[in-house]
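Reviewing the structure listed below.
The values are calculated or read from the model by the stated rules, or taken from the named source; none is laboratory data. These figures come from a predicted structure and were not determined experimentally. Cβ atoms come from the backbone with ideal geometry, glycine included; neighbour counts cover every protein chain shown.
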Amino acid sequence: MKLFSAFGVFVLLASAMVACSAPTTSQTPANGSPASTAPFVLAEPNDVELKALSQSYTGYASLNTQLRLSPQHGGIYVRTHLDPVALKAFNAKSYPFPEGALAFKEGHVGAEGPIERIYVMKKIPGYDPANGDWFYAMLAPDGAPRLKGKVPLCINCHAGAKNKDYIFGFE
Ligand code: HEC
C-alpha cells in the first residue's frame, strides 16, 4: 500500500514537471485578452488599439487606388496603406523602417466585394529581433483580431522581402 502511494506521488510530481516545461508559444491567442498586461511584449498593440487602427488606417496614403489581386493573401483583392513614417522610409528605400511604422493591407473577397479582413504590421524595436521586429495581425472588418503577434505564417512569407525590411510593396 505504501509503495502504491509513493508511486502516486511520483506520478503527480512527474506530470507537474512536464506541465511546467511545456513549450510556450510566441503567438498571442486571439481571445480578446488584453495583450498590454504582458510586460514582455511592450508596445504590442492591444485589442482596443487594434480596433482603433482598423478604423483609422484608411486615412493613410495608399500604394494602389484600384484593388489588386493578391495570390499571396489567399487570392483576395488588396489595397495597401502606409502611415506617414512608413511611407517616407518606403519611398526613400531607407531600411530598417523606423519605430512605430505601420503598414496595412485591406482584403476584399472580390474586386467589388466588401472588406473581409485587414492585415497589419507594426515595427516595434526589440519585439522580434530575429525577424525584423515586426508585430503582425489579421483583423476582422470590425477590428477584432483573428491572428496576432509573431505569427509564423506571416513571418515566413514576409521573409521573402527581408532585403526591404519585410515590406513587399508591389514592385
Ligand atoms: C504566402 C506569402 C504571404 C503570407 C503568408 C502573408 N503575406 Fe503579407 N504580403 C505578401 C506579399 C507578396 C505582399 C505584397 C504584394 C501583395 O499583396 O500581393 C504582402 C503585403 C502585406 C502587407 C502590406 C505591406 C507590404 O509588405 O507590402 C501587410 C501589412 C501584410 N502583407 C501583412 C501580412 C500579415 C499580417 C500576414 C499574416 C496573417 C501576412 N501578410 C501573410 C505575402 C504574404
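Descriptive notes on the structure:
- Any hit, segment 101-118, residues being at pLDDT below 95 and within 15 Å of GLY169 (Cα to Cα): no
- Filtered by the rule that a residue be touching a residue at least 24 places away in the same chain (Cβ under 8 Å), within 11 Å of the ligand (Cβ to nearest atom) and not basic (Lys, Arg), segment 88-108 gives PHE90, PHE97, LEU102, ALA103, PHE104, GLU106, GLY107.
- Any pair with Cβ under 6 angstrom, 6 or more apart, that starts in segment 74-85 at a residue that is polar (S, T, N, Q) and ends at one that is assigned to a strand (DSSP E or B): THR80/LYS105
- Any hit, segment 53-73, residues being surrounded by 17 or more Cβ atoms within 10 Å (Cβ to Cβ), modelled with pLDDT of 85 or more, within 15 Å of the chain's Cα centre (by Cα) and assigned to a helix (DSSP H, G or I): yes
- Failed item, numbered, when SER94 is tested on (1) under 22 Å from LEU50 (Cα atoms); (2) at pLDDT 95 or above; (3) of a type outside the set (D, E, K, R): (1)
- In segment 123-138, the residues that are near the ligand (Cβ under 9 Å from one of its atoms) and not aromatic (Phe, Trp, Tyr): ALA137, MET138
- ALA111 being near the ligand (Cβ under 9 Å from one of its atoms), touching a residue at least 24 places away in the same chain (Cβ under 8 Å), touching a strand residue (DSSP E or B) at 6+ places or on another chain (Cβ under 6 Å) and among the small types (Gly, Ala, Ser): no
- Pairs, first under 22 Å from GLN55 (Cα atoms) and more than 9 Å from the ligand (Cβ to nearest atom) in segment 145-171, second among the charged types (D, E, K, R) and in a helix (DSSP H, G or I), C-beta under 9 Å, six or more apart: PRO145/ASP47; PRO145/LYS51
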